[in-house]
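Colleague: Okay, here's the structure, questions in a sec.
The values are calculated or read from the model by the stated rules, or taken from the named source; none is laboratory data. None of the values given here were measured: they were computed from a predicted structure. Cβ: placed from backbone, ideal geometry, glycine included. Neighbour counts: every protein chain shown.
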Amino acid sequence: MADDLFPEPSAQESQMVHPNNGRSLKQEDYIAGLAKGLAILDCFDSGQVRLSVTKAAERTGLTRAAARRHLRTLFYLGYLDGDGQQFWLSPKILKSAGIYLNSAALPRAARAVLRSLPKQTGCYHSVVVLSGGEAVTVASCYPPHLEQAQVLPYGIYSGNRIPAHTGANGKVLLAALNAAQLEQWLVAYPLMRFTTQTLTDRSLLQQQLAEVRQQGWAEALGEYEPGFGGLAVPVIDAQGEVVAALNAVETNDHIADIAWRNRCLPLLQKAAAEIRVML
């Protein structure tokens, strides 16, 4: 199975094309060992914070012996901590994340725009990107009067990840995929249920994404966390590509209120346009 996940290009192939991001690479530039090591790191997510050798092998398709070597090498290099049986990410991982959040154009532009948005809407906001099956927050902000709130929605902090099919921002990003990309995403990432409102029917999700594509915005009501919902719009770069989603997070009754939506949606669209100018 590992050979299927990490193929060695044949001598006849001049280019390799990544199945998820579409990027190409010359066969002589591809380092299979590096790809396998990074695949181990990719195994960690919000639902899998610790890995055993067996679980790493299952999730990557590597043999147990190969998974063990990669885990121990990452432990030796300081990227993982562990107790001999289980491994987990170490603080060293934060170095790369911190550099991205502080230097990349998207999070920097998003933070600049988000500073003033909560004062206009009175609610939480975040900018997210699609990473595998999840929507990942790269910038967020909330109004001062909510700083002491006892219950906060999960996805508002930078680095938080939620399954893309459960949130308004994730649906905006999924709607931006072409038919082939969306089909591949649906095959790779099962539509897990998190609340009674989570949409887990593939056909219904595709219908909803078609509506999002047509209207240019998405909403979700309590599909990941009961009581909280979201309203989201795309962030589009100068080439016309959707690179992120900007959302407003509020209680379900606000999201379902048409008057609130009509007031908030233009503010989100204006903020998304301001982010685009800064990219």
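Colleague: Taking only pairs six or more apart or across chains, which ones have beta-carbon atoms under 7 Å, a first residue in the range 93-116 that is closer than 21 Å to A245 by Cβ, and a second residue that is assigned to a loop (DSSP other than H, G, I, E, B)?
Modeller: Close Cβ pairs satisfying both conditions: A97/G159; L101/S158; A105/L279; L106/L279; A109/L279.
Colleague: Every residue in the range 90-139 that is more than 18 Å from the chain's Cα centre (by Cα) and under 25 Å from K55 (Cα atoms), please.
Modeller: S90, P91, K92
Colleague: If A168 satisfies all but one of (1) modelled with pLDDT of 95 or more; (2) not assigned by TED's automatic domain parsing to the domain that holds N252, what's the number of the condition it fails?
Modeller: (2)
Colleague: Now, a different point. Tell me the residue from A109, A66, A97 that is touching a Gly at 6+ places or on another chain (Cβ under 9 Å), aliphatic (A, V, I, L, M) and either surrounded by 14 or more Cβ atoms within 10 Å (Cβ to Cβ) or not in a loop (DSSP other than H, G, I, E, B) (or both), please.
Modeller: Answer to the selection: A97.
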